[in-house]
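The structure appears right after this line, and notes come after that.
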Ligand code: TXA
Ligand code: MG
């Protein structure tokens, strides 16, 4: 299958707008996302939307978190196409992406009383729902008001006679939903005329993609269309925070772009708990047993993570660790610095634009750029020369989150045998998501 990267040329601010409903609900401003006719005819957007409506092959599209691999969430054959492309069995539930609250409400109402959703772009029912018969559970309303559109996924009850394909929920009585902050994503959903089920658009086990090129590296030949915003890396860089407000107390199931500290500030969410485990409890300071290693977010290189504050590497990677690597005949070493490690080997680094070569010959390939990458040839370790790929993710945790997956992929592409990463101090903000992903990618965690 030929894979094409289609660049959207419509300027960001012309992609669409929210049309509020007449209701006095605080959520009325998110009732309906409207795509103007001029945007609907953007060649890239209209082709991608047509592909979603008429085929069972998923379309990759940018969101503010990571690239998603989207399919019409109401059609089983289309949803199955996601798993075929990713190369994994359909065991995990998928997040349902909506463009507005009208679309979400239509999924929450039993199908007999709901308006049909599949006739096309303008089929969203009018959002005149009074607040008291709003099918959105009350616990989520202040959360939606604060964080949507944005990197937050909420679990909702899947009604009897649900419009969602059963493959989306993997047999669970709930579904996860989010309204992406990316206007491009919302316009694509609106033009597709259906909510889009979308996991991250990486091949199974690889780091999540944050650029069109990453998607092409993994899925060229397996999908036909990759939408490119033309804006470089996805802004947030890690996936959405997943919360369950249907239990008491509510919990965070996956840390992500919205911090727990921010969620705790919302009415009804003061007592929010943490219902995920990172493996740090079990893996600290020693290599993990092979069976325990999560195969997730992983580059091909072996990843060695230094927990922040663990005292393992006060000035960067210690020489002993480098010697160990050299003794194993590994000669290309990646170093990812985040917030504290000094420049490796005392060199100055320059901002490096990446992506000169097209990925797998894919037409229309874009460019990414990472903050700062230096290649140090021939550093001496003992009597041996090693090549060091030194990557600086930029000094603050937002930049680290944004560049993390791109950095792992880039060092892989440049042939790193092993990657040493400086962990970030774990607060409750996006740092929790960064450390969660790093612990899953790491083969060795040094405390
Ligand atoms: O930022 C994101 O969330 C990205 C972009 C593309 O939107 N999507 C994403 O999807 O990360 P995925 O499929 O890779 O992750 C889905 C997560 C999983 O951790 C899954 O367990 C959880 O959401 N999830 C979805 N539906 C669920 C449900 N009904 N119950 C429990 N967990 C659910
Ligand atoms: Mg994923």
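Derivation of every value follows stated rules applied to the coordinates shown; laboratory data play no part. Note that this is a predicted model, so its numbers are computed, not measured. Please note: Cβ atoms are built from the backbone with ideal geometry, for glycine as well, and neighbour counts cover all protein chains shown.
Put a dot 7 Å past the Cα of residue 246, heading toward its Cβ, do the same for residue 274, and the two dots end up 2.5 nm apart. By the count of other C-beta atoms within 10 Å, a proxy for reagent exposure, 214, 97 are ordered fewest to most as 97, 214.
Model label sites at residue 76 and residue 90, defined 7 Å from Cα along the beta-carbon direction, differ in position by 0.7 nm. Going from the residue with the fewest nearby Cβ atoms within 10 Å to the one with the most, 3, 267 rank 267, 3.
Using r as the Cβ-Cβ distance of residue 7 and residue 327, and R0 as 51 Å, what FRET efficiency do you calculate, to the nearest 0.05? For R0 = 51 Å, the calculated efficiency reads 0.60. Placing dummy labels 7 Å off each Cα toward the beta-carbon, the span from residue 38 to residue 414 is 4.2 nm.
Taking other Cβ atoms within 10 Å as a rough exposure proxy, 86, 330 sort from fewest to most as 330, 86.
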